[in-house]
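Reviewing the structure listed below.
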Amino acid sequence: MIEITDLHKSYVMGTNTLHVLKGIDFTVNEGELVAIMGSSGSGKSTLLNILGMLDEADQGTYTLDGTLIHNLNEKIAARYRNKFLGFVFQSFNLISYKNALENVAMPLYYQGVKRNERNEKAMHYLEKVGLAEWATHLPNELSGGQKQRVAIARALASEPKVLLADEPTGALDSTTSYEVMEIIQSINDEGKTILIVTHEDDIAHMCKRIVNLKDGIIIDDSIISQVRVKATSHV
Amino acid sequence: MFNIERWQEIFETIRKNKLRTFLTGLSVASGIFILVILLGFGQGMTNGVAKEFEEDAANRIVVWTGVTTVEHKGLNPGRFIELRNEDYDLLIKKYEDDLEFKSSVYRIWSGVATYKNESGSYRVEGVYPDYQFIENASLTAGRFLNYDDHNGYEKVIVIGHKVYKDLFGNKEAIGEQVQISGINFKVIGVYSDPGGEREESRIFLPLSTSQRVFNGGNKVRNMGFTLRPQATFQQAVQHSIAISNEIESFLKERHIVAPEDDSAIDSWNSLEEAKRYYDLMDMIKLFFWVVGICTIIAGVVGVSNIMLIIVKERTKEIGIRKAIGAQPWSIIGMILHESIFVTAIAGFLGLIFSMALLEVIGPNIEIDYIVNPSVNFNVAITTVFVLIIAGALAGFFPAWRAARIKPIEALREE
Ligand SMILES: Nc1ncnc2c1ncn2[C@@H]1O[C@H](COP(=O)(O)OP(=O)(O)OP(=O)(O)O)[C@@H](O)[C@H]1O
Ligand SMILES: [Mg+2]
């Protein structure tokens, strides 16, 4: 599903260049649930942003679902993002003046889905994350965990091939973190490919594979036995 | 533009960001409002000044006499100079090509007019038929004096509207006999004058009749002329000044008056006066335009600022929208669409409101020099479009930039 080879990325700040990714080779198959770990500043977010086409690599190849991603102009990147990818951010990034349902429906608007169908689909995904009755609430009326579940519903709404999550539980306490992970596991069970950046060991162990970054290279990449989140009741 | 989904998205955004919308709208609407009111009052002043000149024909020359104050050619000061019919005859022959309408005036002081039980004191003047056009009088009933009246020494009068009201109320006046200083005159016409009541409380009769009936001999109190039109205002002013000076010196020479003795024989020409007013008017207009343009600039700057702030404030939202698949152009379009929509609605509201205000209060305003403030609709509507375009341009560049930066940078924005 994802295949990258010899990926490099540097940030230029004035006269200094900071070489962040120093040759990453990495493959993810369909249906995997991968945790990306590593100390702060090791380049996890940078890697995920490149995978998500929010940022561009300096060097190396990136193939997503058989499509070589290169020479991206914003227009094409926008189409790929909309078609292939779903994002979940640490800081949720919901649009503050739109309610939960409208936020979830946003990607569908950009896919050109008609209003009624959009709302129907969005409602379906809100149900999936257990927030159907919060549909008309604005983000600031939701708890952190609820916001993140709305963000997940939004990421799923466009039916992406890959879900990318940068520290989705970073702003949450452990109980709500587990609720979010439970949803992620259940989505993964349905076959969706998911990559999660995390600092937390327990979160990482709820995935099926852990990739460890250090100073811009992968120092460890191993399949683990997944810890299932106890089935807790939603909400 | 005609994408219903886009419109729905815009309306939702506007509805949910009422304060932002309100502030943008307010600055646009108030800018337009101030401008329209300003221009309206500029126009009002122009109208007011123009009205001052409607009273009489615009290119009028008047000559009159008084007492000499300077010794000249052995003649002592203190002589009373009187014009004669011969002066008039010579003048109109000499300046035949320059003068359009001309009349001598013989004035009867203390002209008490009586009709049945009503009476009043009015200016009674013997004039030539041309005098109607020199005074800009228009008839509301009957006719003005003609040369037959003049040649036949007819005892006929034309009375001003005020005189008619005083003496006749609303009754028919034409054909009635009015006594002036005990002598009967037949009313043949009633006139009105743009100069208002003061100008309408006069009674005109044939010059010949007045001189004969009131023992005027061939004396003339003053003379009024209008000049033939010239190609440009400048030429008209020059011509008017030249002719009035010539007439004045001609008469001074004939009556042995020192050239500088203006209290013995003096002339006045309305165009010289008019020029002063027109110059003043040009200044006033210029002033209002400068203020108006400053207002537009302030409005443009205000709208631009708001658009910059809006886009800045929305950078993160733009990043989010891009992360979930928005095309750059759809983002630029969204922002422009919204800004044009809001500025247009607000602009037209400001326009309608200010025009309505002018429409309602305008006709009721009649202070000196401000009459019926109103505004040129094309100017106002152009201003609205200028503001809309300015808002769109001001929104476009930051929107374009925001739509082009990498979504990850836009997302970092807080
Ligand atoms: N836009 C940028 N400009 C310059 N340097 C950057 C930029 N983004 C990241 N960096 C630098 O690149 C390095 C890697 O950043 P990155 O965000 O990928 O780390 P990370 O592994 O996600 O860290 P954390 O766990 O703190 O989120 C850091 O040293 C960071 O300072
Ligand atoms: Mg990070």
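Couple of notes before you dig in:
- Given charges at Cβ of Lys, Arg, Asp, Glu: chain A dipole, positive-most of A:Gly112, A:Leu72, A:Leu48: A:Gly112
- For B:Arg143, residues with placed amide H under 5 Å, excluding near neighbours: B:Gly189, B:Val190
- Note on the protein assembly as shown: Rg/Rh from Cα positions, Kirkwood definition for Rh, rounded to two decimals, is 1.38.
- With contacts taken as Cα pairs under 8 Å at a separation of at least 6 residues, region A:81-235 carries a relative contact order of 26 percent.
- Peptide packing for B:38-47, B:96-105 was compared via the average number of neighbouring C-beta atoms within 10 Å per residue; ordered from the highest value, the list is B:38-47, B:96-105.
- Dividing the alpha-carbon radius of gyration of region A:145-227 by the rule-of-thumb value 2.2 N^0.38 Å gives 1.08.
- On a per residue basis, region B:104-214 carries 43 Å² of accessible surface, using protein heavy atoms and a 1.4 Å probe.
- Taking every protein chain into account, the accessible area of region B:317-414 amounts to 46 square angstrom per residue (probe 1.4 Å).
- Carbon + sulfur, % of accessible area of chain A - ligands and nucleic acids excluded, 1.4 Å: 48
- Net charge over other residues, Cβ less than 15 angstrom from the Cβ of A:Gln148 (K, R count +1; D, E count -1): -3
- For region A:93-151, the alpha carbon convex hull comes to 70 Å³ per residue, rounded to a whole number.
- Over region B:104-214, relative contact order from alpha-carbon pairs under 8 Å, at least 6 apart, %: 38
- Structural size metrics of chain B, computed from C-alpha coordinates, are Rg and Dmax of 34.0, 107 Å.
- Cβ-placed point charges (K, R +1; D, E -1), dipole of chain A about Cα centre in debye, nearest 20: 640
- Filter on A:Lys214/B:Lys322; A:Lys83/B:Lys406; B:Lys16/B:Lys316; A:Lys161/A:Lys214 - keep pairs with C-alpha separation over 25 Å: A:Lys214/B:Lys322; A:Lys161/A:Lys214
- Descending semi-axes in Å of region B:310-403, equivalent ellipsoid built from Cα gyration tensor: 41, 10, 9
- Peptide A:52-64 has a mean of 2 when you count, residue by residue, the C-beta atoms of other protein chains within 10 Å of its C-beta.
- Helix screen, chain B: DSSP H segments with Cα axial length of 27 Å or more and mean Kyte-Doolittle hydropathy at least -0.5 are B:18-54, B:233-254, B:270-313, B:328-361, B:377-404.
- Put a plus charge on the Cβ of each Lys and Arg, a minus charge on the Cβ of each Asp and Glu, and nothing anywhere else: the dipole of the protein assembly as shown about its Cα centre is then about 1000 debye.
- The lysines whose alpha-carbon is closer than 29 Å to the alpha-carbon of B:Lys94, local same-chain residues fewer than 8 away aside, are B:Lys73, B:Lys102, B:Lys219, B:Lys252, B:Lys275.
- Put simply, the amide H of B:Val371, placed in the peptide plane, has neighbours under 5 Å in B:Met45, B:Asn47, B:Gly48, leaving out anything fewer than 5 places away on its chain.
- The A-B contact accounts for approximately 2600 Å² of buried accessible area, totalled over both chains at a 1.4 Å probe radius.
- Kirkwood hydrodynamic radius over Cα pairs of region B:1-126, then Stokes diffusion coefficient at 37 °C and 0.692 mPa s, in µm²/s: 142
- Shown in residue order for region A:193-204 are the 3J(HN,Hα) couplings computed by the Karplus curve 6.51 cos²θ - 1.76 cosθ + 1.60 at θ = phi - 60°: 7, 9, 10, 10, 8, 8, 9, 8, 4, 5, 5, 4 Hz (x for Gly and Pro).
- Compared with the dominant Cα axis of chain A, that is its longest principal axis, helix A:74-84 is turned about 60°.
- Number of partner chain Cβ atoms within 10 Å, mean per residue of A:106-112: 5
- Rg over Rh, two decimals, region B:104-214 (C-alpha only, Kirkwood Rh): 0.91
The values are calculated or read from the model by the stated rules, or taken from the named source; none is laboratory data. Every value quoted in this text rests on a predicted model; they were computed, and no experiment measured them. All Cβ positions, glycine included, derive from the backbone under ideal geometry; neighbour counts span all protein chains shown. Protein only, heavy atoms only, side chains kept; ligands, DNA and RNA dropped before computing areas. Shrake-Rupley method; radii C 1.70, N 1.55, O 1.52, S 1.80 Å.
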